2 protein chains.
Amino acid sequence: MSQAAGQEPGAGLAAARTAYEELRAQDLRLDLTRGKPSPEQLDLSDALLTILQPGDVRAADGTDCRNYGGLQGLTELRTVFAELFQVPVDQLFACGNASLSVMHDVLAHAMLSVLPGAKRRWADEDEIRFLCPVPGYDRHFSLCDRFGITMVPVPLTGHGPDMDVVEELVAADPRIKGMWCVPKYSNPTGETYSDETVRRLAAMPTAAPDFRLFWDNAYAVHHLTDEPDAVLPVLAACAEAGEPDRAFVFGSTSKISTAGSGVAFLGSSPTNMAWYSRLTAAQTIGPDKVNQLRHARFFPDAAAVGAHMERHRALLEPRFAAVYEALEEELGGLGIANWTSPRGGYFVSLEVPEGCASEVVRLAKDAGIALTPAGAAFPGGRDPRDSQIRLAPSFPSVGEVRAAMRGVAVCVKLAAAEQAAASPAV
Amino acid sequence: MSQAAGQEPGAGLAAARTAYEELRAQDLRLDLTRGKPSPEQLDLSDALLTILQPGDVRAADGTDCRNYGGLQGLTELRTVFAELFQVPVDQLFACGNASLSVMHDVLAHAMLSVLPGAKRRWADEDEIRFLCPVPGYDRHFSLCDRFGITMVPVPLTGHGPDMDVVEELVAADPRIKGMWCVPKYSNPTGETYSDETVRRLAAMPTAAPDFRLFWDNAYAVHHLTDEPDAVLPVLAACAEAGEPDRAFVFGSTSKISTAGSGVAFLGSSPTNMAWYSRLTAAQTIGPDKVNQLRHARFFPDAAAVGAHMERHRALLEPRFAAVYEALEEELGGLGIANWTSPRGGYFVSLEVPEGCASEVVRLAKDAGIALTPAGAAFPGGRDPRDSQIRLAPSFPSVGEVRAAMRGVAVCVKLAAAEQAAASPAV
């Protein structure tokens, strides 16, 4: 990446360096690292704070939500989200405040108690492997790290994982016990799994009898267009394929109501849910039903969630537009970068010349623009091409997004120019 | 228990049977099974429901509590409960809604990741054993069942576990990795650990280098007298004894604010908390900080918690008094039953003649009075003497408690009389 000593930089490199020094002189303090809702988005749900008044604490079935009990969560809330997560209501649990915790717990339970269809506890296997479509969600990979699960990257195609690769791997290797899937507006590529992808995932023969899809439907209702993407209901697809126990479905209201104080959900087959229910019965006397009742009052039906998501969209769209505008203005037609224009979700995925992503992130950091570390969307935090950068425009203001993205474009141009200048000398 | 055929029952037995038939005729529907707060107790915290208004969602350090983040929980809330749970504030995490879940997680983490001081993961040990003072809390025993931990009962003395027994066991058996302790107003005996007990637990040599006290301080502030019991701070005692990593301290506001929507806490040594923090970082992006902020506003300091607990006491005392009155009136001086008069907590422990507890519970159930199953306070649900019954008077009204306890007394008299009548014939 460094320039060969004594070489006269080209005009492009000189201009890129000047632009970068001007950027640094602005002394920015901007952050595009995490897919966090903005304060304005959180304000949309402020009615939750006072929606329950003293004396109004009972669920539809008369349960005093303030007291212990009710492992499965409130029926009225599960009914609304059963529709949105495409899970039969009897097979859906409303849990705590974070779907990540539910994923952790399902993994921990599988490590320590024999999953339906498994020969033994995963903790007693020599090695557990998970397929990881890449680029993907870093916290899925952290969970694998935490449980000592070997991650096997598989490529994405724009409509889900490359199923030829997936089918070959799972058919051959009984150590592959699971696969992470973000089926809609995937983090970070924004792609949605095609019907064929879902059907093949549901039906593919697996060497492991206890193989599971970890179906993280994190962006189920997080549309950025008038014509939302649809994903085939995975539990139904698995049942039709004769693999009813193949998928665990995860979701939450974290990016629907509030990020830290929402409600998470788990859905699966009756057999899997009976297994989970037995294990979680030892873990808790029940979830926070008061918070669930708040959500049930705020979201009386799926249409109320849909209307609410339109208000999120109105806040998110200008931020995404600011990303596209800045990138197009600064990098359009230069042939040194590509980026996604997702139809939903929280991220734009930026592709820079191979070998440049780390340098772009470093340059941006030195100019006061925090980006997700290059490689974060890959197992082990290492992008083999060092070319992918995840942009998260939701949290800053539109003006901040614009300023940050112009700055990022300056960094991309400098990194590309330095690489181009350096490569002939190598 | 059944009467020998053809034997003429004594006058006592006949009277007991008549009383029992009169009880059954009342067609009661009463429940003394669980240590649940009454609706009136939950009402005490109804201000929590609306204590945060839109625009008032920031913690003292400026954190927007609605968003992601903050693994350790809100500092202002931890500061209040650090004092009450006798844990340095930097070593205390504010977690989710249930201390049971925190206990589960610490156990799951110890099963799957090497505890500080341990040679290997507990999942890789041939056998893990926990000492269980009996009678004890059934959900502790359910956690052992869930993780395949062998339970070793140890007797209680009235001021904590029999330390001669405990010291001998832990010194000899490296499979003993842990011990359940409810140090104050223990469930169900109500006893509080003496200073000497705490010091010996902290200092005793253990064959397992990774032995841990699971210190469930569930009733830390749940006094029923003007002179609260005090327990020696266990973390300090362990540190003084040169065993700083010996104890995990658990607590919650479940019986302070509301049972399903309170805040749980975990405290331990810096080394243990670093271990926990690393593992829980993969499990969650942070607890429900909005609910923690509610609690911080409602309980600005330890004195506010103390004042609040006096209001609980005012509701609980008449219920406990109703238990004592009914038992004294019906069973006093008969020599067939003993019961505790706890200085705090949620339970009265009733001792009936050996071999009679199951029959008393059965008779009560047939008369419409639900009691905790006999043996529930023992590992495996089996009381070897079949003599202990846990009474939980908090939830029903005073009148219901009185009616239920008179009924229980009738059942005790009948069971004892039948046993006495039957035993000569055996």
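Some notes on this structure:
- Membrane-span-like helices of chain A, defined as complete DSSP H segments with a Cα extent of 27 Å or more along the helix axis and a mean Kyte hydropathy of at least -1.0, are identified as A:302-331, A:398-422.
- B:414, B:28 arranged by Cβ crowding within 10 Å, fewest neighbours leading: B:28, B:414
- Prolate/oblate/rounded call for the stretch B:46-300, Cα gyration tensor, a/c under 1.5 rounded: prolate
- Excluding exposed DSSP-loop GluC sites (Glu not before Pro) (at most 15 other C-beta within 10 Å), longest clean stretch of chain B: B:128-353
- The shape of chain B comes out oblate: with a ≥ b ≥ c from the C-alpha gyration tensor, a/c is at least 1.5 while a/b does not beat b/c.
- In terms of surrounding Cβ atoms within a 10 Å radius of their Cβ, A:339, B:122 rank from fewest to most as A:339, B:122.
- Taken along its three principal axes, the alpha carbon spread of the stretch A:283-375 comes to 53, 34, 22 Å, from the longest extent down to the shortest.
- Global form of the stretch B:1-147, assessed from the alpha-carbon gyration tensor, a/c cut-off 1.5: oblate
- Under 12 Å of direct C-alpha separation, and excluding same-chain neighbours fewer than eight residues apart, residue A:289 reaches these aspartates and glutamates: A:64, A:76.
- Residue B:318 label point (Cα plus 7 Å toward Cβ) to equivalent points in the other copies: 5.8 nm, shortest first.
- 10 Å-binned pair-distance histogram of the stretch B:360-426 (Cα, whole percent): 19, 45, 29, 6, 1
- In percent, rounded to a whole number, the relative contact order of the stretch B:106-158 is 32, using alpha-carbon pairs under 8 Å and six or more apart.
- Position residue A:230, label points 7 Å along Cα→Cβ, spacing to each other copy in nm (shortest first, one decimal): 6.9
- Virtual spin-label span in nm between residue A:362 and residue A:114, 7 Å along Cα→Cβ: 5.3 nm
- Most mobile listed residue (A:218, A:237, A:11) in chain A, GNM with C-alpha springs under 10 Å: A:11
- Cα centroid separation, the stretch A:167-222 to the stretch B:302-345 (Å): 57 Å
- Spin-label pair residue A:22-residue A:325: with each label point 7 Å from Cα along the Cα-Cβ axis, the two points sit 1.9 nm from one another.
- In the protein assembly as shown, Rg over Rh equals 1.03, where Rg is the alpha-carbon radius of gyration and Rh the Kirkwood radius from pairwise Cα distances.
- Between identical copies, the spacing of residue B:381 label points, each set 7 Å from Cα toward the C-beta atom, reads 4.8 nm from nearest to farthest.
- Counting Cα-Cα pairs of the stretch A:137-275 in 10 Å increments starting at 0 gives whole-percent bin shares of 11, 41, 38, 9, 0.
- Kirkwood Rh and Cα Rg combined as Rg/Rh, the stretch B:174-227: 1.05
- Under 25 Å of direct C-alpha separation, and excluding same-chain neighbours fewer than eight residues apart, residue B:413 reaches these lysines: B:365.
- Residue mean of other protein chain beta carbons inside 10 Å, A:34-40: 3
- Which of B:390, B:24, A:382 has the fewest Cβ neighbours within 10 Å, and the rest in rising order: A:382, B:24, B:390
- Mean projection of the Cα convex hull over all viewing directions, computed for the stretch A:198-340: 12.7 nm².
- Within straight-line reach of residue B:184, meaning a Cα separation under 22 Å, sit the following lysines at least 8 residues removed in sequence or on another chain: B:36, B:255.
- Value at 222 nm in deg cm²/dmol, rounded to 500, when DSSP H runs of n ≥ 4 in chain B each add -39,500 (n - 2.57): -12500 deg cm²/dmol
- Rh (Kirkwood; distinct C-alpha pairs) - the stretch B:248-305, Å: 12.8 Å
Here, each number is a calculation from the coordinates, and none is a lab measurement. Computed from a prediction, not measured in an experiment: that's the story for all the values here. Heads up, the Cβs are rebuilt from the backbone with ideal geometry, glycines too, and the neighbour counts pull from every protein chain shown.
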